[in-house]
Amino acid sequence: MEQWQRKVSRRDALRLLSAAGGLAMVKWSQARASVAEQLPVNQQIEPFTGPGPNPHWNSVGPYVNEPQKAPLILLTDRPVQLETPRSYFRSVLTPNDAFYVRWHLPDIPHRVDLAEWRLKVEGNVDKPQTLSFSDLTEKFKPVSVTAVNQCSGNSRSRFQPRVAGGQWGNGAMGNAVWTGVRLRELLDAAGVKQGSVQVQFQGLETGQGPKGSGSNVFLKSLELSDSALDEAVVAYLMNGEPLPMLNGFPLRLVVPGYFATYWMKCLTWIRVLGTPDENFWMKTGYRVPDTPRGNTTPEEMKAGGVRTVAISRMPVRSFLISPDGSSKIPAGISVTLQGIAFSGYGKIVKVEASEDGAKTWREARLGQDHGAYSFRTWEVVWTPKIAASYTVAVRATDEKGHVQPDEPVWNPGGYLWNRIEKQEIVVGKVSGGASR
């Protein structure tokens, strides 16, 4: 981790960020057309991965290639939504070019001119700030945090009855080392006035919002009293490199432990508010029932009266990454089950695996601790003795005592899914040096 902790020089950061801005000039559609012709795509598959007993791990869609990105799975192209394939989660850090993409509005920036761009800290403050990128790198101490960024709708395709929205598999998440300036330092420089209640964030994303919302900008706010602000970072580097345009260049708000709806991309305005933010994305969007796990039923929603709250921290989750069930495993030979776990409430302290469909469990060996809000890798050695079909399951426990449940969740937004993941693995007999 030391390589990410070094002080970022203004010269190096500007050089890297300027290069990233130039690369982002390519139009999305041009890049997509070239890779679509190279990759096999089954256009007849219904873009829905669940909710059966063995749903696809990822969403079912064509692979496309956008600027600064490896081939990723396309959900929608206006706004752009791209899912990360399962294989990229074998390591604790997700490569920048494989990091998932989720925008809310159709008009997103293709490039940013750093000579003109400024970050404004304004609103209910004593000293409004207008900061250049060099101001951020020279006047404030750089800090780094390793944290998971997960879309609120990750795994939405598991919901039954099905709900509206992008039918994500499990790949709308990623883990990176984020380097930048502490949000609190920027607020302190501006001098927050007494009586202020929230901090609002806005980027360069615009366009027609959901029908009837009256929203043509994406805005999110956090309470000034929220402890998450103490850990939040305004990041200009991602895994030691400039953020890809599609992941928020040149700045992204990082709120460790919180869902990505608060991680504002292309952050350009920070506003201190004297009254609560009631724009669509706070008052209506990204809300869940005020119940355990955010759970309700379609009948309760139709009846009305379900009190909702803004979505915030991510529930504890874990995943089996390898083996992925795509090929048989030989009986009598040891195989290492490997995966990742994380929680928005603190570090992972235990992961358990089951080879009999969650009937019995044994503890896995945890990988290095990269921080409370990072992926934590895990592994356990398994030697299947006989040829059969096995259901491997995994569950995690965080430091606050939250344990993954084996029950589904339902709410109209398709949020907060964290049911124990299960994977069917076929073990074959070994005969003549091969399994069958």
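All of the numbers you see were taken from the coordinates with simple rules; none came from a lab. The model shown is predicted, which means the values in this text are computed figures rather than measured ones. Please note: Cβ atoms are built from the backbone with ideal geometry, for glycine as well, and neighbour counts cover all protein chains shown.
Some observations on this one:
- Where only DSSP H runs of four or more residues are counted, the chain gives -3000 deg cm²/dmol as its mean residue ellipticity at 222 nm, each run worth -39500 (n - 2.57).
- Considering only alpha-carbon pairs that sit under 8 angstrom and 6 or more positions apart, the relative contact order computed for segment 218-324 is 22 percent.
- Kirkwood's formula applied to the C-alpha pairs of segment 168-277 gives a hydrodynamic radius of 14.9 angstrom.
- The share of Cα pairs per 5 Å bin across segment 164-230, counted from zero up to the longest distance, runs 3, 10, 14, 18, 19, 17, 13, 5, 2 percent.
- Here the relative contact order of segment 317-435, from alpha carbon pairs under 8 Å that lie six or more residues apart, stands at 34 percent.
- For the pair ALA388 and ASP230, the difference between a 0.36 nm per residue extended length and the Cα-Cα distance amounts to 51.8 nm.
- 5 angstrom amide H check on TRP263, placed H, neighbours 5+ away: none
- Eigen-decomposition of the gyration tensor built on the alpha-carbon atoms of segment 317-435 gives equivalent ellipsoid semi-axes of 28, 16, 11 angstrom, largest listed first.
- Antiparallel bridges, percent of DSSP beta bridges restricted to the chain (to nearest 5): 90
- Relative exposure of LYS69, LYS328, judged by other C-beta atoms within 10 Å (fewest first): LYS328, LYS69
- HN-Hα J in Hz across segment 228-235 - Karplus 6.51, -1.76, 1.60, θ = phi - 60°, x for Gly and Pro: 4, 5, 6, 9, 5, 10, 8, 9
- Packing-based ranking, highest mean first, of 240-249, 182-191, 297-306 given that Cβ atoms within 10 Å are counted: 240-249, 182-191, 297-306
- Inter-part distance where segment 73-100 and segment 311-331 are each reduced to a Cα centre, Å: 16
- Here the calculated FRET efficiency for LYS120 and ASP77, from their Cβ-Cβ distance with R0 = 35 Å, stands at 0.70, rounded to the nearest 0.05.
- Karplus-derived HN-Hα couplings along segment 260-270 (A = 6.51, B = -1.76, C = 1.60, θ = phi - 60°), whole Hz, x at Gly and Pro: 5, 4, 8, 7, 4, 8, 6, 4, 10, 10, 10
- Entries of LYS193/LYS400; LYS302/LYS422; LYS141/LYS350; LYS139/LYS265; LYS359/LYS385; LYS283/LYS422 with Cα pairs more than 28 Å apart: LYS193/LYS400; LYS302/LYS422; LYS141/LYS350; LYS283/LYS422
- More than 27 Å apart - percent of Cα-Cα pairs taken over the chain: 54
- Under 5 Å between amide hydrogens, built in the peptide plane, is the criterion, and for TRP410 it picks out THR296 among residues at least 5 positions away or on other chains.
- 3J(HN,Hα) couplings calculated from phi for segment 380-391 with the Karplus curve 6.51 cos²θ - 1.76 cosθ + 1.60 (θ = phi - 60°) are, in sequence order, 8, 8, 10, 10, x, 7, 10, 6, 5, 9, 10, 10 Hz; Gly and Pro show x.
- Going from the residue with the fewest nearby Cβ atoms within 10 Å to the one with the most, ASP107, ASP324, ASP398 rank ASP324, ASP107, ASP398.
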